[in-house]
Amino acid sequence: KQWMLKITAYADRLLDDLDDLDWPDSVKEMQRNWIGRSEGAEVSFAIDSAAPQQPAAEQDTEADKVFVGGIPWKMDADALREAMSEFGPVRDCNVVYDRETGRSKGYGFVVFDNEADAANAIGQHDIGGRSCTVKTAIRSPRYASPPSAEPLSLKVFTTRPDTLFGATYMVVSPEHPLLDQIASAELKDDVKAYVEAASRKSDLERTEVKEKTGLFTGGYAVNPLTKNKIPIWVADYVLASYGTGAIMAVPAHDERDHEFAKKFSLPITEVVSGGEDVQEAAYTGDGKLVNSASEELDLNGMEVEAAKAKTTAYLQDKGLGEAKVNYKLRDWLFSRQRYWGEPFPISFLDDGTAVAASLDELPVALPEVESYQPSGTTEGPLSTISEWVNHQDEQGRALRRETNTMPQWAGSCWYYLRFLDPENPGAPIDKKIEEYWMPVDLYCGGAEHAVLHLLYARFWHKVLYDCGVVHTKEPFQRLVNQGLILGPVEHTAYKDADGGYVSAKFVTEGPDGGMMDKRSKAAVTAAAVREEELVKKGEAFALKSDPEIRVVSKAVKMSKSKGNVVNPDDVVAAVGADSLRLYLMFMGPLEQVKPWNTNGVDGVSRFLNRVWRLVVDEQAGIPLSEEPASKEQLKALHTCIKEVSSNTERLGFNSAIADMMQFINAAYKWKSVPKETVLPFIQLLNPYAPHMAEELWERMGQSGSVSDSSWPEVKEEYLVEDEVTVAVQVNGKVRATVQVPADADQDSVMAIVEATPAIQKWTEGKEIKKKIYVPGKICNLVVVG
């Protein structure tokens, strides 16, 4: 047994509360799809020809069956059967494989013909060169089902109960618990072989493979609406982990079912009108119901949504089904069979009763050991450390500790809370501290965390909310996904067999997967081109030597295999940490994917050098001054403060750096730089280039760290424009621009306009019929003559 966290109980809350979060829509959609809420009906199909159940006395019992742990990873079922046959005739044998990796899990199950042989096998034995543990095992539901007097039925979940009249066959997963009883005696061995083969595939292999596989079980079910017998197939594209592990197949209106039906020549019945020919392609759109009537239920002529409701109501009334909400989300397996990880604070009495550790015993620590080898069983390495596993409680009762450990999520799901109060010995976090700091204002992380860490942390937080530990329903109010930084742009040209260049616009992929000239169909080869050999032509690059030859330019993710990894240590050694830091923020918007460009690093390094020379190196010819700043200088400074503050707040770091560059450009045009403009600028620079900012702060005679100083405040009075530029139109065409006082009225502006030589040439000798002035923006003169 393993511990599970019941995340499914929070599925609706995890969905509903997404609406209140300031997160990228793409991440919200990924979480919605991962949770996978779907509304429909669960329908019961009576099994018409199930294999008769064995009497209880004839079924495999625990005494017949053994668990074999610690077998070699490469040992298959045949080799295990041969090894275990020394204890007696083996009736059944299987090795368990990991669905994701396809590798053996190192254990299997063996069923003997009689209990005596199974009892004789129990113990430690050398199997395949390894010491293996053999012990009594519980019967596997894959090979036998418990006896029942109830008639057997298959339950399926469907979001389209309206199409039930078109269900012409059924498919069950290879893991379905009723499969052994559904399979006919003639096909039982074939079905078992198919199940064994499916167990070696991962879920991804089973669902993504284009070529569907399947096998008729020999069993039939009864369509609850048509009363027709329909065949039951087993296919590995149906997963036991979603829905009920069985589906009703409506090939006329489901592409996957249609593909399967065509391959195995199964009937296709149209029940929703609107498609052209459902025998050739499935129609998945809406329409009116057809071929959907019986003596008790008539859906013909109804729209899809109305037919769904009527069918579900009918099924419920007849006891054949019920309305149901299904989720793709599954409860969270929280046990790991390894040494590292937090131990579960649970122990067990001899009768299996679970006993929680007392508060005084928390946290339960891992034992200090020199090695932690696998146990050779399904239990983790902790099970081999008897002095830790076996202990007594305060009442003197013998206890055995849980030997599974928790995964890394046990810490990463709530680290943000513990960071706020890391030394608290009696609680996860102090209530007042939590109420002051939470929720997290901004979480910046990659989109790859969307359906793992971010979803798990939200679930964990909601549990803590229900326990009264936190006061907010959500942990992270705002989420920003930073873009990936790609390797440098790589340029590729193409050459023909004679070595001549072929423009990329004529190159396409050939039938053999290679590249070819689409005009001549002749093969071409790729050749790397250096950037200095290229010239920008529109949106693409072309050869300097022949601008008609376009090349392919693209950047890809950094990886050692591609040899395009940029080592940050090399960049720091060449231009300093501040230049690297500044460039990473200057490359473009935070959320965008951006290619690395070493020339860009050199550019921001030159900017920082200009800042240094302006403040420190008076030999540059622009001395620092104790004189008060002029109105123009204060305007430049406070414009910079306003823009940098605004852009930093919205995470527009590249724009904030551009604003600082504009200020430095303006300062280099001054005859002297007032010190009262330098100090606020250093404070603005500090978050972006902290090492240089600290040095400049000290050089300016300031005590303490610039990081401890207050952020400069913008003074709006310095941003008020005394003059504005106004465009002047004559008969609707712009003929000039003029500078006018910002508060000038229309008469004053018209006097300036009419005295402007560039306007007089268009009005001289003509009558001005109309004058229009939009304050601060535009002036229009209508003239005749």
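The values are calculated or read from the model by the stated rules, or taken from the named source; none is laboratory data. Computed from a prediction, not measured in an experiment: that's the story for all the values here. Virtual Cβ from ideal backbone geometry, glycine too; neighbours counted across all protein chains shown. Each accessible area value is taken on the protein alone, full model and side chains, heavy atoms only, with ligands, DNA and RNA left out. Shrake-Rupley method; radii C 1.70, N 1.55, O 1.52, S 1.80 Å.
How tilted is helix 304-318 with respect to the longest principal axis of the chain? Cα atoms for both, answer in degrees (0 to 90, nearest 10). It works out to around 30 degrees. Solvent-accessible area per residue in the chain equals 53 Å², computed with a 1.4 angstrom probe and all protein chains kept. For the stretch 334-398, the fraction of alpha-carbon pairs lying more than 16 Å apart is 51 percent, rounded to a whole number.
Here the accessible area of the stretch 419-573 is 54 percent carbon and sulfur, with a 1.4 angstrom probe and all protein chains present. Close lysine pairs were tallied over the stretch 208-340: pairs 8 or more places apart or on different chains with Cα atoms under 13 Å apart number 6. Give me the distance between the Cα centres of the stretch 709-785 and the stretch 244-259, rounded to whole Å. Distance between centres, Cα-based: 72 Å. Please identify which residues in the stretch 384-419 have an amide N closer than 14 Å to a label point set 7 Å out from the Cα of ILE346, following the Cα→Cβ vector. Only 400-407 fall inside the zone, counting backbone N under 14 Å. Partner lysines whose Cα lies under 24 Å from the Cα of LYS733, excluding those fewer than 8 positions away in the same chain, are identified as LYS761, LYS766, LYS769, LYS770, LYS771, LYS777. On the stretch 1-52, 49 percent of the accessible area sits on carbon and sulfur atoms, based on a 1.4 Å probe.
Estimated purely from DSSP H runs of n ≥ 4, each contributing -39500 (n - 2.57), the mean residue ellipticity at 222 nm for the chain is -8000 deg cm²/dmol once divided by its residues.
Of the accessible area of the stretch 699-771, computed with a 1.4 Å probe over protein heavy atoms only, carbon and sulfur atoms account for 44 percent.
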